[in-house]
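Novice: I'd like to ask you about the structure that follows.
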There are 4 protein chains.
Amino acid sequence: MTTEEKCSRGRPRCAKTHHAILQVTLALIAEQGYADLRIDEVAKRAGVGKQTIYRWWNNKAELCIEALLEDFHPTRLPDNPQGNTLRDDLLELASAISCRLNTPAARNMLVGVISASRVEDGSLASFRLQFLDTRREAIREIFSRHENNVHLRSGFDLELAVDLLHGPMWYRLLMDHGPLDEAFVRALVEGVLRLAVEEER
Amino acid sequence: MTTEEKCSRGRPRCAKTHHAILQVTLALIAEQGYADLRIDEVAKRAGVGKQTIYRWWNNKAELCIEALLEDFHPTRLPDNPQGNTLRDDLLELASAISCRLNTPAARNMLVGVISASRVEDGSLASFRLQFLDTRREAIREIFSRHENNVHLRSGFDLELAVDLLHGPMWYRLLMDHGPLDEAFVRALVEGVLRLAVEEER
Amino acid sequence: MTTEEKCSRGRPRCAKTHHAILQVTLALIAEQGYADLRIDEVAKRAGVGKQTIYRWWNNKAELCIEALLEDFHPTRLPDNPQGNTLRDDLLELASAISCRLNTPAARNMLVGVISASRVEDGSLASFRLQFLDTRREAIREIFSRHENNVHLRSGFDLELAVDLLHGPMWYRLLMDHGPLDEAFVRALVEGVLRLAVEEER
Amino acid sequence: MTTEEKCSRGRPRCAKTHHAILQVTLALIAEQGYADLRIDEVAKRAGVGKQTIYRWWNNKAELCIEALLEDFHPTRLPDNPQGNTLRDDLLELASAISCRLNTPAARNMLVGVISASRVEDGSLASFRLQFLDTRREAIREIFSRHENNVHLRSGFDLELAVDLLHGPMWYRLLMDHGPLDEAFVRALVEGVLRLAVEEER
DNA sequence: TGTTAACCGAGACGGTACGTCGAGTCTTGGC
DNA sequence: GCCAAGACTCGACGTACCGTCTCGGTTAACA
């Protein structure tokens with residue numbers, strides 16, 4: 001999606017159509033996976049011409065990435081947790097994330113979109129930035145809220161915390177070799193805490 | 001690929017050809033990713049007819065999975081580390097793995113194959129099993145070698161260790177938002193240790 | 001194009017625009033043929049919105065037919081010849097027609113419009129009628145002007161004369177297998193005369 | 001269609017398929033005209049993949065021209081007439097041609113294919129050559145068979161005869177303003193004869 | 001030493017989705 | 001109400017790749 005700086009001559013873009021396309025895209029990915037997503041089917045289900053899709057997204061990957069971003073949009077994430085301890089907040093955040101991921105739809109979407117776009121591809125970059133930034137910010141805020149209560153280990157960086165929390169969840173999601181349940185989430189948070197804080201009692 | 005003992009009349013299959021196909025497949029995935037791999041191109045580069053490929057693999061996914069498995073085969077992994085401490089061994093293992101992953105080729109291959117096959121798809125299952133089992137076994141062996149020196153935290157399970165070690169590495173690989181360097185690996189190992197052992201000094 | 005006397009509320013239609021559209025249409029057909037004519041291009045070249053075109057012509061064929069009729073309009077044909085003999089007049093008429101046809105533009109236009117509309121299609125009918133009637137009338141007038149000088153063969157009909165004169169010219173035009181020159185025209189007239197008059201010396 | 005000088009490696013071209021495509025093409029043009037011919041429909045009706053059509057013909061026009069040529073192939077024309085007089089032979093030939101043309105199918109086909117191809121286009125050239133040559137040859141042979149019986153007018157050329165005979169028939173066919181009946185054909189032959197022979201009694 | 005059947009490269013095939021293109025319609029804001 | 005701009009639906013286009021098939025030709029074990 002390019003920044004809309006067109007002069008307002010001509011028929012304006014139909015917002016309802018735009019949103020419908022993204023919704024249908026999400027639904028279809030969830031139903032049958034990224035690889036089996038057909039642009040024709042998106043168009044038909046959204047009651048839209050194929051051209052209208054290609055007018056705004058250059059290809060399947062771009063369409064799906066924007067659909068994903070809409071679905072994982074910050075406004076649709078839970079509010080920042082307001083617990084009493086760092087541990088409580090991290091647990092709440094991690095639980096929310098794991099719930100969000102723990103569906104076949106999410107697995108299909110994430111793995112498909114990620115894999116469809118090369119590392120060098122700019123279309124993935126925007127996804128990465130927005131997706132990661134949101135989560136990194138959430139964690140950063142939690143840590144800063146509790147910075148007076150805990151003593152952060154020197155040399156600990158936030159990026160690492162993000163990876164430690166998300167990485168194992170994604171790994172289970174992709175490899176599908178173990179449950180993404182409460183116990184697992186709790187263990188992850190425990191790991192992050194032990195790495196992050198000097199002594200958090 | 002099943003090994004069927006055909007009656008040995010007629011010309012036997014050419015083993016060199018079989019290997020060449022896998023090599024070319026690997027090379028092409030590394031070059032341009034799984035999604036852009038063309039069977040025709042594999043055939044041409046291997047100097048082989050398309051039929052010869054389909055004689056032994058039912059489709060693109062199967063071919064790629066076998067190619068990947070050949071590349072990540074245990075025999076091509078480093079020998080089990082023989083360090084003095086649990087930390088040393090984990091570090092050596094993690095370093096080896098990260099080196100193995102830290103190329104665009106590996107990223108393309110893993111993400112492509114993973115995403116190409118749905119969760120329910122059996123063709124991925126074998127890859128997952130073999131891939132995971134190998135690594136899980138390596139970690140299990142390391143822990144058991146040192147079980148007398150350290151006191152494992154109760155309730156700690158190995159699957160979790162696998163996820164904690166691999167998950168973040170994969171996550172960085174896929175999202176490409178930070179380096180997969182020695183410092184990162186070291187931090188990961190530290191995290192696993194703190195989670196695994198009661199007090200390991 | 002119907003001439004309806006709209007109630008004169010609002011801005012009256014721009015006659016210059018109407019004419020410009022037809023001119024551009026003619027020019028584009030001449031340049032690149034009927035099949036490659038694009039309505040968008042007509043609109044752009046005429047500095048006009050597409051809707052303005054469709055307001056007055058229902059589709060591409062109608063637009064082109066009206067453009068053609070304007071170009072081949074009787075008022076743009078030469079005056080009726082006023083020679084001394086039937087032969088002279090026929091020659092002059094035939095020469096005029098052949099000159100009119102003998103350009104790539106004319107070929108593109110005629111063949112395109114003809115072929116675009118099925119036999120049953122009414123939009124062609126008007127073109128045919130007007131186009132043919134004009135020419136048939138010209139020939140009829142020539143014959144009647146000289147009816148006292150020559151002795152028309154019994155059973156000779158005018159339609160046949162039209163076909164004999166125009167048919168071969170069109171045929172050469174379409175098949176492009178021989179020149180549409182003076183000698184050819186002369187031969188045609190000779191043929192018509194021999195078929196039409198008993199003894200015309 | 002290119003001359004088949006490929007070395008005979010690989011699966012040979014399926015002749016039945018090739019023929020079926022041409023037949024279906026002819027049928028569809030006859031049914032609904034050239035402009036409404038859909039390649040997809042040809043493929044479906046012929047039980048053939050679209051690619052197979054495009055492998056052998058570059059576009060709709062080429063396909064139709066070859067289909068036409070097959071339909072109007074000399075081997076499918078009547079044998080050369082063997083009458084007693086030049087007039088009889090010409091009449092028989094002209095009748096045969098008019099019968100061949102005098103169907104909506106033929107009209108659709110000819111007008112569509114002719115108009116679709118520009119004058120400069122090579123694909124039409126081959127059609128013209130083969131189509132015209134066949135007919136010119138037929139007329140030439142008739143005249144030469146009777147050259148001892150009649151006295152050809154000096155300066156009369158065969159190309160003119162072809163145009164005089166075919167031109168009016170095509171003109172009626174295209175403009176659809178009069179019947180293509182026996183009387184018309186007879187009049188045409190009469191015209192040709194009067195132009196061609198000095199005194200043919 | 002010849003038979004013979006599986007192997008092999010080449011490439012045509014049916015099928016399915018792609019991304020593009022143009023016709024004709026609809027919807028703005030400006031005149 | 002007319003107009004330019006341009007987004008919209010629809011449907012065909014010509015291309016690309018998949019996985020299958022069918023040729024002629026090759027090759028090694030068996031007879």
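Novice: Among the residues of region D:42-61 satisfying the criterion of being of a type in the set (A, V, I, L, M) and in a helix (DSSP H, G or I), which is nearest to D:Arg107 (Cα to Cα)?
Specialist: Narrowing region D:42-61 to residues of a type in the set (A, V, I, L, M): D:42-43, D:46, D:48, D:53, D:61.
Keeping just the survivors that are in a helix (DSSP H, G or I) gives D:42-43, D:46, D:53, D:61.
Numbers: D:Val42: 19, D:Ala43: 23, D:Ala46: 23, D:Ile53: 24, D:Ala61: 16 Å.
Per the stated criteria, the residue is D:Ala61.
Novice: Any residue in region B:61-83 that is within 13 Å of DNA strand F (Cβ to nearest atom) and surrounded by fewer than 19 Cβ atoms within 10 Å (Cβ to Cβ)? It would help to see each step written out before you state the result.
Specialist: First, the residues of region B:61-83 that are within 13 Å of DNA strand F (Cβ to nearest atom): B:61-65.
Those still in the list that are surrounded by fewer than 19 Cβ atoms within 10 Å (Cβ to Cβ) too: B:62.
So far as region B:61-83 goes, yes, one or more of its residues are within 13 Å of DNA strand F (Cβ to nearest atom) and surrounded by fewer than 19 Cβ atoms within 10 Å (Cβ to Cβ).
Novice: Can you say whether D:Leu158 is within 18 Å of the chain's Cα centre (by Cα) and more than 9 Å from chain C (Cβ to nearest Cβ), as far as the supplied structure shows? I'd like the intermediate steps shown before the answer.
Specialist: Details: within 18 Å of the chain's Cα centre (by Cα): yes; more than 9 Å from chain C (Cβ to nearest Cβ): yes.
So D:Leu158 passes the test.
Novice: Search region D:15-41 for residues being part of a loop (DSSP other than H, G, I, E, B) and of a type in the set (A, V, I, L, M), and hand back the single one that is modelled with the highest pLDDT.
Specialist: Initial filter on region D:15-41 (part of a loop (DSSP other than H, G, I, E, B)): D:33-38.
If we keep only those that are of a type in the set (A, V, I, L, M) too, we end up with D:35, D:37.
Values: D:Ala35: 82, D:Leu37: 92.
Here the answer is D:Leu37.
Novice: Could you tell me which residue of region C:121-153 is modelled with the lowest pLDDT, considering only residues that are over 29 Å from D:Val162 (Cβ atoms) and among the polar types (S, T, N, Q)?
Specialist: The residue in question is C:Ser123.
Matching residues to (1) of a type in the set (Phe, Trp, Tyr); (2) without any contact (Cβ under 8 Å) to a residue 12 or more places away in the chain; (3) more than 8 Å from every other protein chain (Cβ to nearest Cβ):
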{"site": "A:Phe127", "(1), (2), (3)": "yes, no, yes"}
{"site": "A:Asp133", "(1), (2), (3)": "no, yes, yes"}
{"site": "A:Arg140", "(1), (2), (3)": "no, no, yes"}
{"site": "A:His151", "(1), (2), (3)": "no, no, yes"}
{"site": "A:Leu180", "(1), (2), (3)": "no, no, yes"}
{"site": "A:Arg186", "(1), (2), (3)": "no, no, yes"}
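Novice: Within region C:33-58, how many residues turn out to be away from DNA strand F (no atom under 14 Å from the Cβ) and open to solvent by less than 70 Å² (accessible area, probe 1.4 Å)? Working first, answer last.
Specialist: Pass one, region C:33-58, residues away from DNA strand F (no atom under 14 Å from the Cβ): C:33-34, C:37, C:58.
Imposing the further condition that a residue be open to solvent by less than 70 Å² (accessible area, probe 1.4 Å) reduces the set to C:33-34, C:37.
Count: 3.
Novice: Taking the residues in region A:166-178 that are facing chain B (nearest Cβ under 9 Å) and of a type in the set (A, V, I, L, M, F, W, C) as candidates, determine which candidate is farthest from the chain's Cα centre (by Cα). If you could, list the steps in order and put the result at the bottom.
Specialist: Of all residues in region A:166-178, those facing chain B (nearest Cβ under 9 Å) come to A:166-172, A:174-178.
Adding the requirement that they be of a type in the set (A, V, I, L, M, F, W, C) leaves A:169-170, A:174-175.
Numbers: A:Met169: 12, A:Trp170: 11, A:Leu174: 14, A:Met175: 18 Å.
Checked region A:166-178; the qualifying residue farthest from the chain's Cα centre (by Cα) is A:Met175.
The values are calculated or read from the model by the stated rules, or taken from the named source; none is laboratory data. Fair warning: this is a prediction, and the values are worked out from it, not measured in the lab. Counting neighbours? That spans all protein chains shown, and the Cβs are built from the backbone with ideal geometry, glycine included. SASA here: full protein model, heavy atoms, side chains in, ligands and nucleic acids out. Shrake-Rupley method; radii C 1.70, N 1.55, O 1.52, S 1.80 Å.
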